[in-house]
Every structure is written in C-alpha cells, then in structure tokens.
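The values are calculated or read from the model by the stated rules, or taken from the named source; none is laboratory data. This one's a predicted model, so the numbers in the text were calculated from it and none came from an experiment. Glycine gets a Cβ as well: all are built from the backbone with ideal geometry, and neighbour counts include every protein chain shown.
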Amino acid sequence: MSARALLVPFLFLAPSLVAQVEAAQFEAIRAEGFEKSRVMAHLDHLVNRIGPRLTSSDNLTIACEWARDEFAAMGLGDARLEKWGEMDVGFNRGPWWGRIVAPIEKELVFGTDAWSAGTKGPTRGPVVLSPKSEEELASTRGSLKGAWVIAVPSALLTKVADAIDAEGGHGIVATTRDHLVQTSGNMRITWDKLPKTVVVRLRKDLYEELHAMAETDKTVEVEFDVQNHFRKGPIPQFNVIADIVGTEKPNEYVVVGGHIDSWDGASGTTDNGTGTATTMEAARILMAIGAKPRRTIRFMLWGGEEQGLLGSRAWVQAHKDEMDRYSACLVHDGGTNYVSGIAGMKEMRPQLETAFEHVLQLGGDLKFAIREIDAFRPIGSDHEAFTAAGVPGFFWDQAGRADYNHTHHTQHDTYAAAIPEYQKHTAVVVATGALGIANLPDLLTRENMKVERRFGGARGSRRALGVTLGDDGVTIGGVEESSIAAKAGMKAGDKLLRIDDASVGGQNDLRRALATGGVEKSIVVLRGGEQVTFKVKFER
Ligand SMILES: [Zn+2]
C-alpha cells in the first residue's frame, strides 16, 4: 500500500476539500472540451462568415441573432436578446482599397474611422500638399478640386475639410501612428449632419513615402475606393443572454461572458471573437455533459463595449435590484492567449481555490493561478459594469505567445491570429470555473471588496488624468485633487472629445490614447457647447 492511499480517508474528512465539481464531471468537461471542441467553429462562423461587428452595424445584429440561436440549439433555457439601447445612425463598411497610380503603381494599406464618410466608387486624383495657413488656404481657393490632400496641419483640419467639400476635393490623406492601422471612430453623429469628408489613414511608412513623392513631384496620383455606408436609425442594440438554470438556487447567478461587438477595420477576432467563442463553447460543453449547476449560469454577450461598456452597463442598470444575487461575473476579453489565472480579494481565495480545484491541478504547460489583489481596478471591459454594482467581476489573467497589441483594433485582427489550443483550453477552464462557482455553498464573498473606479487614473498607470467618467464613458464625473486633469483646469461636466487626433468614445479610447505616443497630449473637451483644449504633460 502506498503512502498516498493511506491519506485518502483523511482527505474525505477534510471539509474544505468538498469538491464543487465532481472529478468525473471534470473529466467529462475535459473530454468534451479537448476532444470534441467546437470553439474554432464558433469563431470561424462569427468572424469569417459574419465578419466584424461594429455597434450599430447590420453584422452585429446578425451576430447576436446567430449566437442566440446557437445557445437555443445547445438547449440552454430562454436564449434571448435584450435591448440595451438604440443608435441614431448605423454604419456598415464594405470593402476598401487604394493605390498609387502615378508615377508608379503601388498598393496602399490604410483604414478609415468607423462612422466616417466613404467615396462613392473608385476616386482618382492628384495628391496635393495642404495649405499650411489660413492665408494660404484663402489664396489657393479652387486648387483642391478633384484632389487628395496630404499633410494637413491638425490646427487646420476642419477648415481644410470644409474647403475640400466646398471645392469638390476627394478627401484627406492622413497617417497612422506606426505600422499598425488602428480603427476607432466617434459614434456620436446625427443623420442630418453626417460626416462628409473622406479621411484615409495610410500606414505610416506608406504615408511618408507618398508625402515625399508629393513634395518633389507634381504628377503623383492616387485612387481610393472606400465603401462606407450610413443607415438611418433608430437601430436597436442588443445583449445576448442564455441560461443553464440552477437546480437548487435558480435565482442566483454566475455570469460568464464577453462582448460580441468589435471594431471593423479587420474581423474582430481577438477583440473579441475569441471571448465570444469561449463563452459559447463553455455553454456547449456544460450542456453536452449534462451539468446541473446549483445556481444558474448565465451566459452573456454584450454589445457597445468598444464605445464604453454600453451594453453591459445598461443591462446592470436595468437589473440593479437583482445584483445581490449575482455571485460573480467572469469576462473573457483579453485576446487569444490562454486563461492563466484569476485575481480576487484575499477573502475570496478559499472559495476560488475550491471552485478552481481541478483547474489548479490541470497538468501540462498551461498553468492556472489564483492571485490576490487589494482592489478591483478598471481595465476597460464589461466586468466593470458588475464590480460597479458590487458584484465580484473578474477579467481573466491570460498568458501565452500571442501579441495582443499587434492585433488589438488593428488590421491584423483576423482569424489567423487565433490560437486553437489556447481557445480550447480557455473554454475548458471557463466552463469548469463557472460550474465551480455556481456550485459553491455560498455566493462569493464580498467581504472587504474594494472597487477602484478611476480610469486613466488607476494607481500603477503611468499616464493618469485622475478623473472619473460618467456612464456614457466620456463625461467627466469628478476630478481628483492635484491630478494632472485638475492642474490643467479640467472640470466635472467636461465631455471628452479628442486626445491629439484620436477621438475618444469611451474609457478604452481614453486609456489607449493616453498610453500611446509622446508624453505631451492635447485634450479637447466640450464645455457648455464650446470646444476647449487642454495641454497636459506626463512624466514619462
Ligand atoms: Zn474587447
């Protein structure tokens, strides 16, 4: 008899080791998740068949309906769409291409903002250097007709755009910050005042090449075809919800989810097709093995995340009276790297250790760890809608070989970026963790739970404005004393519009705009109907 066998009776007596997921059940989850995985099939349909899923686009509605139908086909209860809001103007993007046609031929890599104007068909014209001052603009009236205008000074952007529209120019050629073509955009447009000027952002190296050519040669011509389309709203926006109803406490919940919307410069794979696919696969696995959780496991796919957690916040607000019955919210929105851990308050550790017992012992190279934090801090995803309402909201720790920044909102966010073995692994961990938390004797403890609500201001962030933002994600709710924002003169009620040339549509944009580029930023806000610009400088 081995020493190990002698220990067995004691293990059975130790109450802390009562399994929340039976060993046999975990084996079934593993078998289903690793041997019969559908996670890449979900992803393939979502990002290759449907495509990118900008909030307000037809694609997002199609994706929500598809996901709901998939949940229903798996046998989940009451798979449904819940409306969270409406968009005044919809935006759908068709294909786009561009090239230099003279004096050489060269294909161009570029993007345009979401909710921005497109060309009406292929549009060819000379590349003309922008006027550099208002005087020059006035004295060269008429010169922009039929032109693509390059090197527009940012202070003159609006005036040059107006001149292009008035004179019949084709549009503006701008640059990206680096080799990544990032997509963002401002959804706050109205049907009676749609954006008119086409602005193409060329990948920086191509922009510099074209700019240099235009400075020395008057015969440079380009052609762009950008099929951007506006659609008149109101366009209803939805979250997708489906339940595995709890056997003992059906009115208590564990939420598993991620946002289903995306930016539309590529196919929205790692942000957040991957998290949508693991959410759906976790549901499929648990249904396939016949899991009977004690509490209800609620699968949710939110919309409007990229515009400031709109879908999740609206949903939590609409259901705020129930939030004390939500044990936890688990959000997968960190790309295709495998889920490598979960971070909670130290008071939560015993329960998390129990819930993740099997995952912690899962062999192989992909490890899982429970980490202690002293507060839940914002990082810009839907779990924050829940932590704000007092529900422990987790954003999985992730690790692996994928470079999230390479694909995040860039031209490279395509299906090829997804790593199948990580996706499978994550779905198994998510399914197991959700079942484990749902089966705990009690709701996850909220003892001493601290939630840090500042963003762009969280401790540890080197570039912090020190402001809180309202639920729209752009209106400043409060300014921290002695913060950079306070010193610059920003006030509660100011509405963030732009940081340098990047529009701010929510906290994610804010965080990204602050984190990238030089230490000096110019921040444009709307105050009492007027645009006010603040110059701030970070230490590094
Ligand atoms: Zn995301």
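Residue count for the range 401-420 under the criterion of being of a type in the set (D, E) and either touching a helix residue (DSSP H, G or I) at 6+ places or on another chain (Cβ under 8 Å) or under 16 Å from S262 (Cβ atoms) (or both): the result is 1. The set of residues from the range 386-406 being at pLDDT below 95 and either within 15 Å of the chain's Cα centre (by Cα) or not assigned by TED's automatic domain parsing to the domain that holds D271 (or both) comprises Y404, N405, H406. In the range 360-381, the residues that are in contact (Cβ under 8 Å) with a residue 60 or more places away in the chain reach residues that are more than 16 Å from the ligand (Cβ to nearest atom) and of a type in the set (D, E, K, R) with C-beta atoms within less than 6 angstrom, at least six apart or across chains, in these pairs: A375/K450; A375/E452; R377/E452. For the criterion of being crowded, with 16+ Cβ neighbours inside 10 Å and under 30 Å from Q307 (Cβ atoms), V198 passes.
For the range 295-312, the criterion of being within 16 Å of the ligand (Cβ to nearest atom), closer than 30 Å to E86 by Cβ and among the aromatic types (F, W, Y) is satisfied by at least one residue. Select, from R30, R49, R38, the only residue that is closer than 22 Å to R231 by Cα and in the same structural domain as R294 (by TED's automatic domain parsing). On inspection, the qualifying residue turns out to be R49. Among the residues of the range 245-271, those that are closer than 23 Å to T387 by Cα and within 11 Å of the ligand (Cβ to nearest atom) comprise G258, H259, I260, D261, S262, D271. Is it true that some residue in the range 278-291 is acidic (D, E) and away from the ligand (no atom under 16 Å from the Cβ)? Looking for residues that are acidic (D, E) and away from the ligand (no atom under 16 Å from the Cβ), one finds at least one in the range 278-291, hence yes.
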